[in-house]
Structures are given as structure tokens and as C-alpha cells.
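First comes the structure, then the notes that go with it.
Each value in this text was obtained by applying a stated rule to the coordinates, not by laboratory testing. It should be emphasised that the depicted structure is a prediction, and the values quoted were computed from it without experimental measurement. Positions of Cβ are generated from backbone atoms using ideal geometry, with glycine treated the same way; all protein chains shown enter the neighbour counts.
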Amino acid sequence: MDHFLYRDGVLHAEDVSLLDIAASVGTPAYVYSTATLTRHFRLFDEALEGMPHLVCYAMKAASNQAILKTLAALGAGMDVVSGGEYARARAAGVPGERIVFSGVGKTEEEIRAALEGGIRQFNVESEPELLAISRIAASMGVRAPVTLRVNPDVDAKTHAKIATGKSENKFGIPIAKARAVYAEAAALPGIEVIGIDVHIGSQLTDLAPFEAAYRKVADLTAALRNDGHDIRRLDLGGGLGIPYTRSNEAPPLPTEYGALIKRTVGDLGCEVEIEPGRLIAGNAGILLSRVIYVKEGEGRRFLILDAAMNDLIRPAMYDAWHDIVPVIEPQPGHERTVYDIVGPVCESGDTFAKSREMPELKAGDLVAFRSAGAYGAVMSSEYNTRPLVPEVLVKDDHHAVIRARPSFDEIISRDTVPEWL
Ligand SMILES: *Cc1c(COP(=O)(O)O)cnc(C)c1O
């Protein structure tokens, strides 16, 4: 459920016409709905009602400060995966005690900055990282609160590039080694062990892999407590999938996911954290684009858009499907045709959809990529010296540019040319 609906024949974001946004901001542009972000955050928060919990939004999904502020005001914590994300969350006003730090390659600078600025916990992914955190924390005269991210060796049954919970993936500490590493952690001067972390992948459309992983976490909790560790917090990761097509079977709802959490780890007396990213931001954003040309190829018809793979890389990178819909609502009995939908970038990978049946469109028409709010703008680049795609946030009947489109001068002036040239 989102707040991008046709109204009087025009696609709207909440109460704002996308025609108006295209006219004032230009295209391509990302447009987010505050009501949808809010609704999705609350679904998770309410699903965990009755147990101590914190929903830590995985901000790598969509990290504009306006989005972070929207969610933080509802009580969200943040899951960050880099020093840059940590700084961005702090800039958006999120206090350190609501920020968890994930990621396989935290550097010394990142660890130090988080300890100085305040951190809820580090989710530690390896023994070398554990030693580094201990050394840095001890040198500052503090103990760093940590969970160890365990790799439960379960198949998340998702796209290979976003599966993280199998033993062959680079993530976490093998669960079979966990007790030994916890014993090592407990003996380190700069470490305070507080819990367990697990995250098995993204865009999961079935609860069974979560259930398998969380049962292993529950067993590990008991074993570690037996070993004398004070396990009081469980970070259960993110990964719940969203429907990318209307026709697809709907993935499980946050309520079902919450019930699963209560069923598997609810009686352990632990505080629970979850780190959803995609489900909060995905359907809360669209990418607005304009048709530049309709080109007749050899037995193919190309819809050439002003958006490209540098603006939305998911189709090229993950073979992802996005529904692409006209901003002007198609009337009953409209002409339909089959397009390859592409961008202007100079490689064949710049294809959003092949042989996609669509209402017939013409140059100048506007289209919207649905479900583009997560892993959209954050993965954009300036490839082909295309300006970084702007972002717009809608709330009720008003909208604001939350990241402006840079001018060519701004882009070009970031280069520095050595004096010998
Ligand atoms: C990416 C990631 C998430 C968020 O995953 P979603 O599929 O967007 O919910 C949560 N936790 C960690 C550690 C991640 O790397």
C-alpha cells in the first residue's frame, strides 16, 4: 500500500500532482511520500508492540536527511554501514544511542568517530574487527558495546547479490565458531558484549529462512548465557521483501514477521532490534521520468527515457523488475504496445525493461517507476556526466526539493586539474 494513486486522471504523490513536480523540478527525479514512509515504519513498530524493541531503519536504502528526520521523529533508530552514514544520521539529529553500526569493513577512523560521537552498538563481523574495536576503545578509556554478527548458514532464497546468510558469504562469524569468539570477546579490555546480531539478506519473500535463522539465534542465546555471557539484546537484521509487481504474490506482512519474532525469540527477555530498509522506503518512492523518443528498431520499439542506469541501477545490477506506469492515467480501451524501455547511457546494460507491454506513449509523456524508493537514489551516480538525480519529498499537498539537481558547472568544478596541464 502506498500513496501514489491516480486522481482525476493524473498520478499523484499524496495530494501533489506529478505533473506539477515535473514542471517545477524537471525530470528525472525521485519523489517520496511521507505518509508511506510513516505507515511502513509504524507497521514494524506496532508489529513488535509488547516487547522492548527499537526499529533501526537501514539508511543505506534511502539516506536523505529529510527521510531520516521523518523516521527519527517517529522514534526510529538508524542502522549505518559507514562513517559517512554515521555522520549523516548525526547531522539529521539522530542521537548516537539510537545508531547501530553494521558492516564488514569498519575502519579505525570510523570506529573512533562512532565511539567519540556515541553509539548504541557495533555489530561486529570478524575477530580482527573485534580486536581493532577493543584496542581503539581501550585507548580511549571506554568499553564498546558490541553484538557479534553470526552467520547462521541459511539460504535466504533471494538474488545472489543480496543473500548474506550462507557460509560462503563474506558476512558475519560462522555460527559454529560463535561460542569461541564470544569467549575471546569477553576477555578483551575494550569490549562489552551485549547481544547477538544476524542479517541473512534482502528482498526475502518467505518467512521460513527468517524462522530458521531466528531459531538458531535463540539456541545460541541459551548456550551463550550458559557460558556466562549477559545476552540482553538481539539484532535480527532487515530483509523483508516488497512486492515489485502488482501481479506477484504478496510477500509476508510486517505483522506476520513480528509474530514470527515473538514466537522464536519473544520469551528470552531480550530487547529486540530490527533493521528494515527496503520495506520502509521501497514503495515510498517513485522515479519520475520523461520519454525523449520513441524509436522504431528492427522488429523492436524502443522507449527512450531521460532516466538511465546511473539514476536507477537495480534493473541492470539485480535484473530487477519495476512497474513503469504513465503519469496520465490510461483510459479504458487505450492502445497498448510492446517496448524495450531504455535510457540514454552508452551501454546496452542501460535497459530498464525488455518487451514490456505498456499503454502507447509518445515523446514528452511522463512515466513513473514504482517501488523505486529503496536502493534507487542512493545508488545513483554521475556516469556519462549526467547530473545526480534530484530528490523531492511530498507531505500532504506540499512538496520540497530535498536534494537539488547539480548544474553542469557544479559537477565539472569538482575536478581539479594538475598545474602541469
Ligand atoms: C542492507 C542491510 C539491511 C537492510 O536490508 P533491507 O533488505 O533493505 O531491509 C539491514 N541490515 C544490514 C546489516 C544490512 O546490510
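Couple of notes before you dig in:
- Sites matching trypsin sites (Lys or Arg not before Pro) across the range 324-411 that sit in DSSP coil, with at most 11 neighbouring C-beta atoms within 10 Å: Lys362
- The mean sequence separation of alpha-carbon pairs under 8 Å and at least six residues apart, normalised by the residue count of the range 34-279, gives a relative contact order of 21 percent.
- Straight Cα distances below 24 angstrom link Lys395 to the lysines Lys60, Lys69, with same-chain residues fewer than 8 positions distant left out.
- For the chain, leaving out every one of the GluC sites (Glu not before Pro) that falls in a DSSP loop and has at most 12 other Cβ atoms within 10 Å, the longest unbroken run is 50-167.
- Percentage of interatomic Cα-Cα distances in the chain larger than 42 Å: 19 percent
- 222 nm mean residue ellipticity, helices alone, for the chain (DSSP H n ≥ 4; -39,500 (n - 2.57); rounded to 500): -8000 deg cm²/dmol
- In sequence order, calculated HN-Hα J values of the range 185-192 (Karplus, 6.51, -1.76, 1.60; Hz; x Gly/Pro): 4, 5, 8, 7, x, x, 10, 10
- For Tyr6, residues with placed amide H under 5 Å, excluding near neighbours: His12
- Each Cα pair under 8 Å and six or more residues apart adds its sequence gap; the mean of these over the residue count of the chain is a relative contact order of 20 percent.
- Computed from phi, the 3J(HN,Hα) profile of the range 27-34 under the Karplus parametrisation 6.51, -1.76, 1.60 (θ = phi - 60°) reads 10, x, 7, 8, 10, 10, 10, 4 Hz, with x in place of Gly and Pro.
- Cβ-based net charge around Val80, under 12 Å, with every Lys or Arg adding one and every Asp or Glu removing one: +2
- The local environment of Ala178, defined by Cβ-Cβ distances under 15 Å, has a net charge of -3 under the rule Lys, Arg +1 and Asp, Glu -1.
- Local electrostatic count, Ala132, Cβ distance below 12 Å [Lys/Arg +1, Asp/Glu -1]: -3
- Cα-based Rg of the range 56-115 normalised by 2.2 N^0.38 Å, two decimals: 1.01
- In straight-distance terms, cross-link reach from Lys157 covers every one of the lysines whose alpha-carbon lies under 19 Å from its own, apart from those fewer than eight places away in the same chain; here that gives Lys166, Lys170, Lys216.
- Per-bin percent of Cα-Cα distances, the range 66-209 [5 Å]: 2, 10, 19, 19, 19, 16, 11, 4, 1
- If both residues of a DSSP beta bridge must be in the chain, then about 50% of such bridges are antiparallel.
- Trypsin sites (Lys or Arg not before Pro) restricted to the range 185-265 and DSSP loop, no more than 12 other C-beta within 10 Å: Arg246
- Beta bridges per DSSP, both residues in the range 34-279: antiparallel share near 5 percent.
- Ranked Tyr57, Tyr293, criterion: other C-beta atoms within 10 Å, fewest first: Tyr293, Tyr57
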